[in-house]
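Right, one structure below, let's go through it.
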Amino acid sequence: MVSTTAKNWSHRMSLSTTVKQSDLIPKGFTKYFKHSIYSPLLLTFFIISLSACQLQNHQLRPTGDLGVIIERATGSVQVVNTTQQEPLAKVDKLGDLSHASVVFSRDQRYAYVFARDGGLTKVDLLQDKIDHRIIQSGNSIGGAISQNGKWIAVSNYTPGGIKIFSSDTLELAADITATPLNTSTEKKAIYSKVVGLVDAPGNRFVFSLFDTNEIWVADYINQDNNKKWEIQKFTNIGKQPYDALITPSGRYYIAGLFGESGFALLDLWHLEKGVQRILPNYNNNKQTLPVYKMPHLEGWAVAGRYAFVPAVGQHSILVIDTDSWQQVATIPVHGQPVFAVARPDGRQVWVNFAYPNNDTIQVINTENYHIIHQFKPGPAVLHMSFTPKGEQLWLSVRDNNEVQVYDPATFKKSTTFPANSPSGIFFTSRAHQIGL
């Protein structure tokens, strides 16, 4: 979008430019300037004003190579540019960002930041400021944006359920309460925590109820001008779904189970088939290790027909054939995996780990499942994100207060810049991906 060079601007802004020489000045004005005794002054004023206006236009910021980095300690985000590999600005007063996540508007101008304290903030990436901000609950865990970009959904722990807002104004559009846990004799109602909220094709939202072992699908129905959110519920899907993802095609929703071994699979093309249990025995006859940090499934790595999934309570990555939904391999790794992130071309999977091994990254070759690289970026590597075509890997090193950028082809670090306790890294390319 920004094509004119600084050199050209220097030329256009030269005050020695004559009326006839400049193509910037309309012909009518040229005649006036010739006959006015104030012509030199007016000419100077006109060119400065016009140049300032055009310079302002040239300062408009493209959004396709932007991103947001969560600074959890200060409740702020850094707006970054992946082409220049540098921070551009900071936006603060966003609340408790200890488990924050971000989605983007269709035009990649706005970032919607979901804070742990129930805050929902719409950040303008062009003006580096808050556009709207609300407190919508007491404790939230994530959010999603609908396929058409009109709705923002937030999943809540307290009170349990999801709320849906207009992406334009953040006005409440629907309040969907989760299944209650307590009896009617108790004074204050308690509802199941909601996790694994994703958007699905058809402007649907899909999410899991941790305490009541359910998966719900919220579908926006507009029939005979009667608009409402219709909920389809799937019960007994497995114990304690802790997180979930949707495959890149938007067809399959998979919830990881914490209370037992396995995953719950829902085919969104055929809801009538119900939930299918997959990999029910992957933890059988194995000693379950302490879980210091719950694995995240949103970063599920899908390379070709195979998915690479962090195992709960095991120091291993599971390889799943997404045609048969059968486990085909187990890859031993350095510690308890948290994120397994695939390079966009599917050639590598990068893995980070929970404490006390959270200073290490391992890289898996997806063809032979070998660990081809291991290194220690620093203490508490919390998150990783590839640029859209995979030529850069960004990672946050919380306890070093820095963000590092790597070339995945050579594994060499290209740059480092400071950030206050950085955690999540979110690029605007997510605006055009299902489930992100």
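The values are calculated or read from the model by the stated rules, or taken from the named source; none is laboratory data. Keep in mind the model is a prediction, meaning the values are calculated, not measured. With ideal geometry, Cβ positions are generated from the backbone for all residues, glycine too; neighbour counts draw on all protein chains shown. For accessibility, only protein heavy atoms count, side chains too; no ligands or nucleic acids. Shrake-Rupley method; radii C 1.70, N 1.55, O 1.52, S 1.80 Å.
The set of residues in the stretch 300-346 being over 23 Å from Gly390 (Cβ atoms) and part of a loop (DSSP other than H, G, I, E, B) consists of Ala311, Val312, Gly313, Gln314, His315, Asp323, Ser324, Trp325, Gly335, Gln336.
The set of residues from the stretch 379-412 being among the charged types (D, E, K, R) and in contact (Cβ under 8 Å) with a residue 24 or more places away in the chain comprises Lys389, Arg398, Glu402. Taking the stretch 80-135 as the region of interest, the strands (runs of 3 or more DSSP E) fully inside it that hold 1 or more residues being open to solvent by 30 Å² or more (accessible area, probe 1.4 Å), closer than 19 Å to Gly64 by Cβ and hydrophobic (A, V, I, L, M, F, W, C) are 86-91.
List every residue pair whose Cβ atoms lie under 6 Å apart, where the two residues are 6 or more positions apart in sequence or sit on different chains, the first residue falls within the stretch 76-91 and is on the phi > 0 side of the Ramachandran plot, and the second residue, located anywhere, is surrounded by fewer than 15 Cβ atoms within 10 Å (Cβ to Cβ). The qualifying pairs are Gln85/Thr415.
Can you find even one residue in the stretch 347-364 that is part of a strand (DSSP E or B) and surrounded by fewer than 18 Cβ atoms within 10 Å (Cβ to Cβ)?
So the first thing to find is which residues in the stretch 347-364 are part of a strand (DSSP E or B), and the list is 348-353, 361-364.
Filter once more, so that each one left must be surrounded by fewer than 18 Cβ atoms within 10 Å (Cβ to Cβ): none.
No, there is no match, as no residue in the stretch 347-364 is part of a strand (DSSP E or B) and surrounded by fewer than 18 Cβ atoms within 10 Å (Cβ to Cβ).
Does the stretch 146-158 hold any residues that are assigned to a strand (DSSP E or B) and either over 18 Å from the mean Cα position of the chain (by Cα) or touching a residue at least 60 places away in the same chain (Cβ under 8 Å) (or both), and which are they?
Restricting attention to the stretch 146-158, the residues satisfying the condition of being assigned to a strand (DSSP E or B) are 151-158.
Across the stretch 146-158, the qualifying residues are Trp151, Ala153, Tyr157, Thr158.
With respect to Gly313, determine if the residue is open to solvent by less than 10 Å² (accessible area, probe 1.4 Å), in contact with a strand residue (DSSP E or B) (Cβ under 9 Å, 6 or more places away or on another chain) and either within 24 Å of Phe426 (Cα to Cα) or not β-branched (Val, Ile, Thr) (or both). If you could, list the steps in order and put the result at the bottom.
On the way: open to solvent by less than 10 Å² (accessible area, probe 1.4 Å): yes; in contact with a strand residue (DSSP E or B) (Cβ under 9 Å, 6 or more places away or on another chain): no; either within 24 Å of Phe426 (Cα to Cα) or not β-branched (Val, Ile, Thr) (or both): yes.
Answer is no for this residue.
Inside the stretch 408-428, residues that are assigned to a strand (DSSP E or B) and of a type in the set (S, T, N, Q) make up a count of 4. Could you check the stretch 194-227 and list, in sequence order, the residues that are more than 30 Å from Pro344 (Cα to Cα), open to solvent by 10 Å² or more (accessible area, probe 1.4 Å), in a strand (DSSP E or B) and touching a residue at least 24 places away in the same chain (Cβ under 8 Å)? Answer for the stretch 194-227, where residues must be more than 30 Å from Pro344 (Cα to Cα), open to solvent by 10 Å² or more (accessible area, probe 1.4 Å), in a strand (DSSP E or B) and touching a residue at least 24 places away in the same chain (Cβ under 8 Å): Glu214, Tyr220.
The condition (being out of contact with any strand residue (DSSP E or B) (no Cβ under 9 Å at 6 or more places or on another chain) and among the polar types (S, T, N, Q)) is satisfied by just one residue among Gln78, Gln108, Gln136, Gln84: Gln84.
Can you give me the number of residues within the stretch 190-220 that are among the hydrophobic types (A, V, I, L, M, F, W, C) and either farther than 18 Å from Ala144 by Cβ or in contact with a His (Cβ under 8 Å, 6 or more places away or on another chain) (or both)? Show your work before the answer.
First, the residues of the stretch 190-220 that are among the hydrophobic types (A, V, I, L, M, F, W, C): 190, 194-195, 197-198, 200, 205-207, 209-210, 215-218.
Now restrict to residues that are either farther than 18 Å from Ala144 by Cβ or in contact with a His (Cβ under 8 Å, 6 or more places away or on another chain) (or both): 190.
The qualifying residues number 1.
Being in contact with a helix residue (DSSP H, G or I) (Cβ under 8 Å, 6 or more places away or on another chain) and either under 22 Å from Gln433 (Cα atoms) or among the β-branched types (Val, Ile, Thr) (or both): is that true of Val333 here? No. The combined condition, being touching a Lys or Arg at 6+ places or on another chain (Cβ under 8 Å) and open to solvent by less than 10 Å² (accessible area, probe 1.4 Å), is fulfilled by Phe263.
How about the stretch 230-247: which of its residues are part of a strand (DSSP E or B), open to solvent by less than 40 Å² (accessible area, probe 1.4 Å) and in contact with an Asp or Glu (Cβ under 9 Å, 6 or more places away or on another chain)? Spell out the reasoning first.
We begin by selecting, within the stretch 230-247, every residue part of a strand (DSSP E or B); these are 230-234, 241-246.
The next check asks that each one be open to solvent by less than 40 Å² (accessible area, probe 1.4 Å); those that pass are 234, 241-246.
Hits for the stretch 230-247 are Phe234, Pro241, Asp243, Ala244, Leu245, Ile246.
Out of curiosity, is Leu436 in contact with a helix residue (DSSP H, G or I) (Cβ under 7 Å, 6 or more places away or on another chain) and surrounded by 20 or more Cβ atoms within 10 Å (Cβ to Cβ)? It is true that Leu436 is in contact with a helix residue (DSSP H, G or I) (Cβ under 7 Å, 6 or more places away or on another chain) and surrounded by 20 or more Cβ atoms within 10 Å (Cβ to Cβ). Annotation: of all residues in the stretch 162-173 being modelled with pLDDT of 95 or more and of a type outside the set (Ser, Thr, Tyr), the one that is nearest to Pro201 (Cα to Cα) is Ile164.
Looking only at the stretch 166-199, count how many residues are within 18 Å of Ile434 (Cβ to Cβ) and touching a Ser or Thr at 6+ places or on another chain (Cβ under 9 Å). I'd like the intermediate steps shown before the answer.
Of all residues in the stretch 166-199, those within 18 Å of Ile434 (Cβ to Cβ) come to 167, 196-199.
When the remaining residues are screened for being touching a Ser or Thr at 6+ places or on another chain (Cβ under 9 Å), the result is 167, 196-197, 199.
Residues that pass the stated criteria total 4.
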